[in-house]
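Inspection log for the structure reproduced underneath, given as structure tokens.
The values are calculated or read from the model by the stated rules, or taken from the named source; none is laboratory data. Small disclaimer: the values here were computed from a predicted structure and weren't measured. A quick note on method: Cβ atoms are made from the backbone with ideal geometry, for glycine too, and the neighbour counts reach across all protein chains shown.
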Amino acid sequence: MALAIAGDGVRLYYEEAGKGDVMIFVHEFAGDHRSFEPQMRYFSRRYRCITFAARGYPPSDVPADADQYGQKIAATDILAVLDHVGVERAHIVGLSMGAFATLHAGFDFPNRAHSLVLAGIGYGAELERQEEFRVLSEQAAVAFEVQGAEAFAKIYGASAARVQFQAKDPRGWQDMVDGLAGHDPVGSANTMRGVQARRPSLYALEDQLRALDLPTLILCGDEDDHTLQPGIFLKRMIKASGLMVLPKTGHALNLEEPDLVNQAIAAFLTQVEAGRWEPRDPRADPNQIIRTK
């Protein structure tokens, strides 16, 4: 079993495939190292692709203390995996919880990333709903502890931004729910409390976002409502960023629309590697309506 060791001794399970420049995939709360399989299969034809299970997600270790989980810890765990496999820089691709970790890795370790892909990022970011998100995160943590992962997976999997996946691809959606049902309830509860509920709002990070120089692709589904406004905000804040919104699409967009996501990321990487994914042209003033002189 391939295991990387984080700074606090937590073991992180990882898998890899392919050769070339490195891509590392960072999964969402409801997923694990298997969640990026459509991307692992596609991109490993041209890249060395790495996927890993976050702490709290077997076969990675499941710390019993919620204080061993957190936003900064999640970002440094990405680096622990890269260090273990001897990789200096990578294209970092994250979904939802994994996108937050990817963004913070870009803040804290910009010299370790070629580029960032932030997919489905924004839950808990809306300032007017931040306290509600924290309350709901605690309720979800308790549900994992009391009901267990198998029972609560059916409820969580039928969330408003996941039913789109169910409608399009019932078998794929069922695989996602079955995967969540097999998660460790302690790890899931601690992740909810330590990572999800405690992370800062994106809107509180404006200075860091404006200073971020890494090429960044932002992806969201148009029916993943709590990522739409944050996605626009990130586009306005990050210099070299692009925003793509997928129509009639929910939260688990890399599974729901794998071909569209793969094509978007592939086109992005091609431009990054050619040095053509540049900061926004200063003439493209977002405050301008019509130029008259």
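Filter the helices (runs of 4 or more DSSP H) completely within the stretch 211-289 down to those with at least 1 residues that are polar (S, T, N, Q), in contact (Cβ under 8 Å) with a residue 24 or more places away in the chain and buried (at least 24 other Cβ atoms within 10 Å of the Cβ).
The helices (runs of 4 or more DSSP H) meeting that bar are 225-237, 253-256.
Among the residues of the stretch 11-33, write down those that are farther than 22 Å from GLY179 by Cα and surrounded by fewer than 23 Cβ atoms within 10 Å (Cβ to Cβ).
Matches in the stretch 11-33: GLY18, LYS19, GLY20, ASP21, VAL22.
Kindly list the number of the only condition in (1) under 20 Å from ALA119 (Cα atoms); (2) out of contact with any Phe, Trp or Tyr (no Cβ under 9 Å at 6 or more places or on another chain) that fails for VAL93.
(2)
For ASP224, state whether it is of a type outside the set (Ser, Thr, Tyr) and at pLDDT 95 or above.
Yes; evaluated as a whole, the condition is true for this residue.
Given the options ALA211, ALA197, name the one that is closer than 25 Å to GLY56 by Cβ and of a type in the set (Gly, Ala, Ser).
After applying the criteria, what remains is ALA197.
Being crowded, with 21+ Cβ neighbours inside 10 Å and aromatic (Phe, Trp, Tyr) is the requirement here; does TYR42 meet it?
No, not satisfied.
Is there a residue being surrounded by fewer than 23 Cβ atoms within 10 Å (Cβ to Cβ) and not β-branched (Val, Ile, Thr) anywhere in the stretch 93-103?
Of the residues in the stretch 93-103, the ones surrounded by fewer than 23 Cβ atoms within 10 Å (Cβ to Cβ) are none.
No, the stretch 93-103 contains no residue that is surrounded by fewer than 23 Cβ atoms within 10 Å (Cβ to Cβ) and not β-branched (Val, Ile, Thr).
Regarding PHE36, is this residue among the hydrophobic types (A, V, I, L, M, F, W, C), on the phi < 0 side of the Ramachandran plot and surrounded by 24 or more Cβ atoms within 10 Å (Cβ to Cβ)?
yes
Which of the residues spanning the stretch 26-35 are in contact (Cβ under 8 Å) with a residue 40 or more places away in the chain and under 19 Å from TYR156 (Cβ atoms)?
Listed by number, the residues that qualify are HIS27, GLU28, PHE29, ALA30, GLY31, ASP32, ARG34, SER35.
Go over the candidates VAL146, VAL163, VAL177 one by one and state the one that is more than 20 Å from the chain's Cα centre (by Cα) and farther than 17 Å from VAL117 by Cα.
Of VAL146, VAL163, VAL177, the one residue that is more than 20 Å from the chain's Cα centre (by Cα) and farther than 17 Å from VAL117 by Cα is VAL146.
For the stretch 120-136, what are the residues that are out of contact with any Phe, Trp or Tyr (no Cβ under 8 Å at 6 or more places or on another chain) and crowded, with 21+ Cβ neighbours inside 10 Å?
Residues satisfying the conditions are GLY120, GLY122.
Whether any residue in the stretch 154-169 is basic (Lys, Arg) and buried (at least 18 other Cβ atoms within 10 Å of the Cβ) is what I want to check.
yes
Which one of these does ARG280 not meet: (1) more than 23 Å from PHE25 (Cα to Cα); (2) in contact with a helix residue (DSSP H, G or I) (Cβ under 6 Å, 6 or more places away or on another chain)?
(2)
Scan the stretch 104-136 residue by residue and report those that are in contact (Cβ under 8 Å) with a residue 24 or more places away in the chain and hydrophobic (A, V, I, L, M, F, W, C).
Correct list: ALA105, PHE107, PHE109, ALA113, LEU116, VAL117, LEU118, ALA119, ILE121, ALA125, LEU127, PHE133.
Across the stretch 1-32, what is the number of residues that are within 16 Å of the chain's Cα centre (by Cα) and farther than 20 Å from ALA113 by Cα?
So the answer is 4.
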